[in-house]
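The values are calculated or read from the model by the stated rules, or taken from the named source; none is laboratory data. Computed from a predicted model, the values in this text were never measured in an experiment. With ideal geometry, Cβ positions are generated from the backbone for all residues, glycine too; neighbour counts draw on all protein chains shown.
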Amino acid sequence: MEEPAPPKKKKETKFKLSTEVLVAIVGLMGVIVTACISIFPIVVARWDARATQNAQFAITQTVEANLTKIALSATATASETPVPPTHTATATATASKTPTNTPTKTKTRTPSPTPTKGPEGLRYCVNAYLVNVREGPSTQYGAIGNLTGADCLYFDAANIGGTWLRISPYQPDEYKDVERGWIYIELLGLSENKRLPEITLTPTPTFTPTETYTPSPTLTPSLTPTPTLTLTPTAEG
């Protein structure tokens, strides 16, 4: 007969932790604990803030409810108080007052601007490079200004004979200094005056030279020479 086989022993599985695994587990637990410690104050602060808001909201609701009750009671009290009747005599007296006349301001007229008067006469342009404007219709009068070929002005009169034309007043600002001055007609490209009126002027001034005093030269006295004696030796006999 065969011997019965001995019963098999169950293998015992034992999990052995190495040192590295233990160190890793301890480090992970430390990280978790540190994170919990750092988050805890934030959670507590948020919880306190929310609790404070809830408390303030409850206080505000209570205050609003009390104010509403007070307002309702005041309205009810005011509606129960009888309003005394108004006296019609006061209204009548007020209406019978004579209204005072408020003086109205008289509108003042704004003066309209005076229209600027323009030059009168005929418009001619200078037909020369440079022209002298003189005080009268002659070269014996002094020059008061000059014009060039780019200048065009208005003329209102001429001298007797029509050889000079007079510049009319109310010219533009750049010609104010030559108003009522005279220009020789040919310098305007005209041969004669056909349209401007001739006016009589004072006689042409004549040039009278003044005498010039010339002082006579001062005579310088000359010295008379003193005669000198010359001794002539004589021979003794």
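Yes/no matrix, rows are residues, columns are (1) surrounded by 12 or more Cβ atoms within 10 Å (Cβ to Cβ); (2) part of a strand (DSSP E or B); (3) at pLDDT 95 or above:
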residue: Pro119; (1), (2), (3): yes, no, no
residue: Ala128; (1), (2), (3): yes, no, no
residue: Tyr141; (1), (2), (3): yes, no, yes
residue: Tyr154; (1), (2), (3): yes, yes, yes
residue: Lys194; (1), (2), (3): no, no, no
residue: Leu219; (1), (2), (3): no, no, no
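Condition first: over 22 Å from Pro197 (Cα atoms) and of a type in the set (Phe, Trp, Tyr). Can you find one or more residues in region 136-155 that meet it?
no
Can you find a residue that is modelled with pLDDT under 75 and on the phi < 0 side of the Ramachandran plot anywhere in region 38-46?
yes
For region 171-192, what are the residues that are farther than 11 Å from Val133 by Cα and loosely packed, with under 14 Cβ neighbours inside 10 Å?
Matches in region 171-192: Pro172, Asp173, Glu174, Lys176, Glu186, Gly189, Ser191, Glu192.
Do you know which of the residues in region 114-150 that are without any contact (Cβ under 8 Å) to a residue 24 or more places away in the chain and of a type in the set (A, V, I, L, M, F, W, C) is nearest to Gly162 (Cα to Cα)?
Ala143
Just one of (1) touching a residue at least 40 places away in the same chain (Cβ under 8 Å); (2) touching a Ser or Thr at 6+ places or on another chain (Cβ under 9 Å); (3) not hydrophobic (A, V, I, L, M, F, W, C) trips up Glu192, so point out which.
(1)
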